[in-house]
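The values are calculated or read from the model by the stated rules, or taken from the named source; none is laboratory data. Only a predicted model underlies this, so the values are computations on that prediction, with no experimental measurement involved. Cβ placement follows ideal geometry from the backbone for every residue including glycine, while neighbour counts extend to all protein chains displayed. Surface areas here come from the heavy atoms of the whole protein model, side chains and all, with no ligands, DNA or RNA. Shrake-Rupley method; radii C 1.70, N 1.55, O 1.52, S 1.80 Å.
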Amino acid sequence: MGNQLSLSEKQMEELKELSNFSNEEVQRLFKRFKSLDKDHSGGLNVEKFLTIPNLEHNPLVRRVVATFDDDKNGIIDFTEFIKNLSIFASKSADGKEEEKTKFAFRMYDVNNDGYISNGDLFKILKIMVGNNLTDTQLQQLVDRTIIQGDKDKDGKLSFDEFVAMVKTSNIGEKLSVDVS
């Protein structure tokens, strides 16, 4: 989709199927995507996401962008953008609980090894709390969290252990956006 100005019918159908967005929503999101892609490269990097007013001061933007970046090339193309954004679309919250949980797990799995290690959790929580906790206090919190969730005692959280920890948190409701 590179730096094209509009979507073909075939692309539109593929994106609708991939995302469950309507034609109008895909077109509106494509227009917004293109407005963020000021250099017309066909993709968005972290710096471009940081130009969005509500995201410019969000400490997790870099991690969200890395998680959206399915092919890990540092650039979010429109297909990656639509696919990942659709996970959070309010209208599709029903039936998206597992996808939202998988996305949240990927956010914490910094090194992409399929587990949330002590180091992974420390990095993400450090981003979230900044200097509000000392590193020692943060490490104690991380250690307690890993011990609480680590049912097989291997020192890290598997996806199933993560799911068990967040099952009462209503993750589906918390990870929802309105794209209208």
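Report whether or not K100 is in contact with a Leu (Cβ under 9 Å, 6 or more places away or on another chain) and either closer than 27 Å to N20 by Cα or loosely packed, with under 15 Cβ neighbours inside 10 Å (or both).
Yes.
Would you mind finding the one in E47, E99 that is modelled with pLDDT of 90 or more, of a type in the set (D, E), part of a helix (DSSP H, G or I) and under 19 Å from the mean Cα position of the chain (by Cα)?
One residue alone meets the criteria, E47.
Say whether the condition of being open to solvent by 40 Å² or more (accessible area, probe 1.4 Å), touching a helix residue (DSSP H, G or I) at 6+ places or on another chain (Cβ under 7 Å) and assigned to a loop (DSSP other than H, G, I, E, B) is met by at least one residue in the range 11-24.
yes
Find all pairs meeting these conditions: Cβ atoms under 8 angstrom apart; at least six residues apart or on different chains; first residue within the range 158-174 and modelled with pLDDT of 95 or more; second residue of a type in the set (D, E) and assigned to a loop (DSSP other than H, G, I, E, B).
S158/D152; E161/D150; E161/D152
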